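Working notes for the structure below.
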């Protein structure tokens with residue numbers, strides 16, 4: 001595990017279980033919500049899946065299982081790769097309450113057991129701000145390709161690079177020049193929801209934020225065929241770009 005990954009682990013294990021209970025609901029309550037309408041819980045991401053039943057999904061940085069469990073309810077076989085034991089605890093408790101099985105591998109996804117997981121998945125799926133945690137995007141995309149079966153699909157949804165230069169999503173992260181390659185220290189995603197004293201105690205993350213061309217070219221260099229690139233508006237200001245989704249296929 002890299003030094004920056006260790007820092008991210010410390011940040012994502014700092015009161016994370018309690019945060020999910022407070023903001024996503026107790027596991028039993030969250031499971032009820034997921035079971036009521038799992039496809040709706042996937043939001044826009046449902047449209048990027050060709051089918052769900054029997055599909056093997058690698059959910060990259062799948063956090064508390066907020067997308068993995070709806071996918072499992074729809075019939076997918078889901079493995080979460082995430083760095084946080086606290087996220088694992090919450091996700092498995094929700095899965096148990098929802099009466100579905102998911103696999104949760106704790107660790108840096110760059111260090112996965114390739115003998116065990118290489119070529120095992122139909123879909124590698126990520127959302128909600130993942131890429132900036134990895135400082136070598138080429139290595140990250142190469143691992144995504146390793147995970148997939150021939151013909152497998154990567155669904156990479158992330159914060160739009162426009163957020164490098166302005167806080168369009170209200171994440172309270174420092175602004176950078178658009179073409180900056182600087183690695184910057186910043187708060188982990190949940191810190192802004194805590195009181196000032198607690199917020200100050202949160203371990204910090206080290207972010208590397210990418211441009212649109214860096215992301216697209218890394219996908220191409222990894223040997224994927226990019227089949228779709230969608231931009232989505234910011235959550236509050238629909239005039240600004242907030243997120244994107246790239247869909248890419250591993251060759252047969």
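The values are calculated or read from the model by the stated rules, or taken from the named source; none is laboratory data. Just so we're clear, the structure is a prediction, and the values are computed from it rather than from any experiment. Neighbour counts run over all protein chains shown; Cβ positions are idealised from the backbone, glycine included.
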- Please find, within the stretch 1-23, the residue that is farthest from residue 88 (Cα to Cα) out of those that are touching a helix residue (DSSP H, G or I) at 6+ places or on another chain (Cβ under 9 Å) and surrounded by fewer than 17 Cβ atoms within 10 Å (Cβ to Cβ). 2
- Per the list (1) assigned to a helix (DSSP H, G or I); (2) within 30 Å of residue 150 (Cα to Cα); (3) modelled with pLDDT under 95, residue check on residue 197 breaks on (2)
- Query: Any idea which residue in the stretch 51-63 is surrounded by the most Cβ atoms within 10 Å (Cβ to Cβ), counting only those that are without any contact (Cβ under 8 Å) to a residue 24 or more places away in the chain and on the phi < 0 side of the Ramachandran plot?
  - Reply: 51
- Task: Could you grab me the full set of residues in the stretch 68-82 that are surrounded by 23 or more Cβ atoms within 10 Å (Cβ to Cβ) and either free of Cβ contacts under 8 Å to residues at least 12 places away in the same chain or in contact with a strand residue (DSSP E or B) (Cβ under 9 Å, 6 or more places away or on another chain) (or both)?
- Result: 68, 69, 71, 72, 76, 78, 80, 81, 82
- Taking residue 219 as the residue in question, decide whether it is in contact (Cβ under 8 Å) with a residue 40 or more places away in the chain and crowded, with 17+ Cβ neighbours inside 10 Å. yes
- Which residues, counting only those in the stretch 99-142, are on the phi > 0 side of the Ramachandran plot and in contact with a strand residue (DSSP E or B) (Cβ under 9 Å, 6 or more places away or on another chain)? 107, 119, 128, 129
- Unmet requirement for residue 34, which otherwise passes all of (1) in contact (Cβ under 8 Å) with a residue 40 or more places away in the chain; (2) in contact with a helix residue (DSSP H, G or I) (Cβ under 8 Å, 6 or more places away or on another chain); (3) under 29 Å from residue 208 (Cβ atoms): (3)
- Task: Output the number of the condition that residue 101 fails; it satisfies all remaining conditions of (1) closer than 30 Å to residue 33 by Cβ; (2) in a helix (DSSP H, G or I).
- Result: (2)
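Only one residue in 192, 199, 114 is loosely packed, with under 15 Cβ neighbours inside 10 Å and either closer than 25 Å to residue 41 by Cα or within 16 Å of the chain's Cα centre (by Cα) (or both), so which one is that? It would help to see each step written out before you state the result.
Details: 199 fails: either closer than 25 Å to residue 41 by Cα or within 16 Å of the chain's Cα centre (by Cα) (or both); 114 fails: either closer than 25 Å to residue 41 by Cα or within 16 Å of the chain's Cα centre (by Cα) (or both).
The unique qualifying residue is 192.
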- Message: Being out of contact with any helix residue (DSSP H, G or I) (no Cβ under 7 Å at 6 or more places or on another chain), within 20 Å of residue 128 (Cβ to Cβ) and not in a loop (DSSP other than H, G, I, E, B) is the filter here; which residues of the stretch 160-191 pass it?
- Response: 162, 163, 164, 184, 186
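Yes/no per residue for (1) without any contact (Cβ under 8 Å) to a residue 60 or more places away in the chain; (2) surrounded by 14 or more Cβ atoms within 10 Å (Cβ to Cβ):
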{"site": "154", "(1), (2)": "no, yes"}
{"site": "164", "(1), (2)": "yes, yes"}
{"site": "170", "(1), (2)": "no, no"}
{"site": "178", "(1), (2)": "yes, no"}
{"site": "186", "(1), (2)": "yes, yes"}
{"site": "204", "(1), (2)": "no, yes"}
{"site": "209", "(1), (2)": "no, yes"}
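Say we look at the stretch 128-152 and pick out the residues that are in a loop (DSSP other than H, G, I, E, B) and at pLDDT 95 or above; which of these is surrounded by the most Cβ atoms within 10 Å (Cβ to Cβ)?
Within the stretch 128-152, the subset in a loop (DSSP other than H, G, I, E, B) is 128-130, 134-136.
Restricting the remaining residues to those that are at pLDDT 95 or above gives 130, 134-136.
Values: 130: 18, 134: 24, 135: 15, 136: 12.
Ranking the qualifying residues of the stretch 128-152, first place goes to 134.
Quick grid of which residues meet (1) over 17 Å from residue 129 (Cα atoms); (2) surrounded by fewer than 16 Cβ atoms within 10 Å (Cβ to Cβ); (3) modelled with pLDDT under 95:
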| site | (1), (2), (3) |
| --- | --- |
| 212 | no, no, no |
| 231 | no, yes, no |
| 243 | no, no, no |
| 250 | yes, no, no |
- Name the residues in the stretch 39-49 that are surrounded by fewer than 20 Cβ atoms within 10 Å (Cβ to Cβ) and out of contact with any strand residue (DSSP E or B) (no Cβ under 8 Å at 6 or more places or on another chain), would you? 39, 40, 43, 46, 47
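Checking the conditions here, which among 88, 30 is part of a helix (DSSP H, G or I), under 30 Å from residue 201 (Cβ atoms), at pLDDT 95 or above and touching a strand residue (DSSP E or B) at 6+ places or on another chain (Cβ under 6 Å)? Walk me through how you get there before you give the answer.
Working: 30 fails: touching a strand residue (DSSP E or B) at 6+ places or on another chain (Cβ under 6 Å).
Within the list 88, 30, the selection yields 88.
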